[in-house]
Amino acid sequence: MLNSVKFGDGHKIVNILTEGYGKVEASAFGVRKTKSRFGSKLEPFTVAHFLLYRKTEDTLFTVREADVVSSNAPVREDLSRFILGSCMIEPIVRFVERAEVDRRLYRLLAASLSILGEIEPERGIYLLSMYDVKFLDVLGYGIGAASCAKCGLPFEEGARAYADRSFGFPVCERCKTSSCAALSEGARAFVAWAGKSELMRAAKVTMKQETIRGVRSAIESLYLLAFHKTPQSWNQLGEIPFHHGLRSE
């Protein structure tokens, strides 16, 4: 379940990411009423098996049944996890077309929400960053961290990388502009590592504050390049204390 909006007297329109059909919008009648058989099954972050019905392809689906696979309750019950989970869901809601079907996207979100409920919230920024890198890759905006996004020449070991809103990440010293954000070698290395590593490894990441700021700058540049905007939920990341796994400068 991605999100929902209130509809009529006690009803909801729910937005669901499915494995086989992409994003699906469906009406859930009476779900907001006390005696609803759905109860808490149609809450954000919930992974469930849905039985959906519609008369024709031009009409909205109706939710007939919902069997919860994982409620991901820890993500809803902790503010830090809730913000991080929202940062994972919003790009799918805003930037993924309904006609786009990719099982990798469903599996990425389901796995990320499950892990988010298990790891320390203070380490969630690393998980979110890994999620963002993989999300961009699934949508075709993969990061070739070994060569410059503008000129295509390979980076030498220890060379400074830059994030650019027009060309993405990484941009080399030769191609940088005055609007580029300079990133550390550690930030470029993390982005390259995140794309091919298992999400659960976020629980073991140790990083300097400068490095994680650089990672987020690189990811921001790619969102701006791909979608011309960034998720609004990112504005709430400043409310989360990130202490564990951060090394002093």
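The values are calculated or read from the model by the stated rules, or taken from the named source; none is laboratory data. All values derive from a computational prediction rather than experimental measurement. Cβ atoms come from the backbone with ideal geometry, glycine included; neighbour counts cover every protein chain shown.
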Here is a check on your reading of the model: is E173 in the same structural domain as P241 (by TED's automatic domain parsing), surrounded by 14 or more Cβ atoms within 10 Å (Cβ to Cβ) and either aromatic (F, W, Y) or farther than 30 Å from A48 by Cβ (or both)? yes
Of the criteria (1) within 22 Å of G140 (Cα to Cα); (2) acidic (D, E); (3) at pLDDT below 90, which one E210 fails: (1)
What tally of residues in the range 220-240 results from selecting those that are under 13 Å from the mean Cα position of the chain (by Cα) and among the aromatic types (F, W, Y)? 2
Among what's in the range 202-215 and is surrounded by fewer than 18 Cβ atoms within 10 Å (Cβ to Cβ) and of a type outside the set (S, T, Y), pick the residue that is nearest to S114 (Cα to Cα). A203
List pairs: first in the range 217-237 and closer than 16 Å to A181 by Cα, second part of a loop (DSSP other than H, G, I, E, B) and of a type in the set (D, E, K, R), Cβ under 7 Å, 6+ apart or cross-chain? S221/R165; L224/R165; L225/R165
Since A202 meets every condition but one in (1) modelled with pLDDT under 90; (2) assigned to a helix (DSSP H, G or I), which condition does it not meet? (1)
Cβ-Cβ under 7 Å, sequence separation 6+ or interchain: first residue in the range 188-206 and touching a residue at least 40 places away in the same chain (Cβ under 8 Å), partner part of a helix (DSSP H, G or I) and among the small types (G, A, S). Which pairs? V191/A218; A194/S129; L199/A111; L199/S112
Only one of V191, V215 is part of a helix (DSSP H, G or I) and at pLDDT 90 or above. Can you tell me which? V215
Give me a count of the residues in the range 135-150 that are at pLDDT 90 or above and either crowded, with 21+ Cβ neighbours inside 10 Å or in contact with a strand residue (DSSP E or B) (Cβ under 7 Å, 6 or more places away or on another chain) (or both). 2
Among the listed residues V93, V69, V75, identify the single one that is touching a helix residue (DSSP H, G or I) at 6+ places or on another chain (Cβ under 9 Å), surrounded by fewer than 16 Cβ atoms within 10 Å (Cβ to Cβ) and within 18 Å of E43 (Cα to Cα). V69
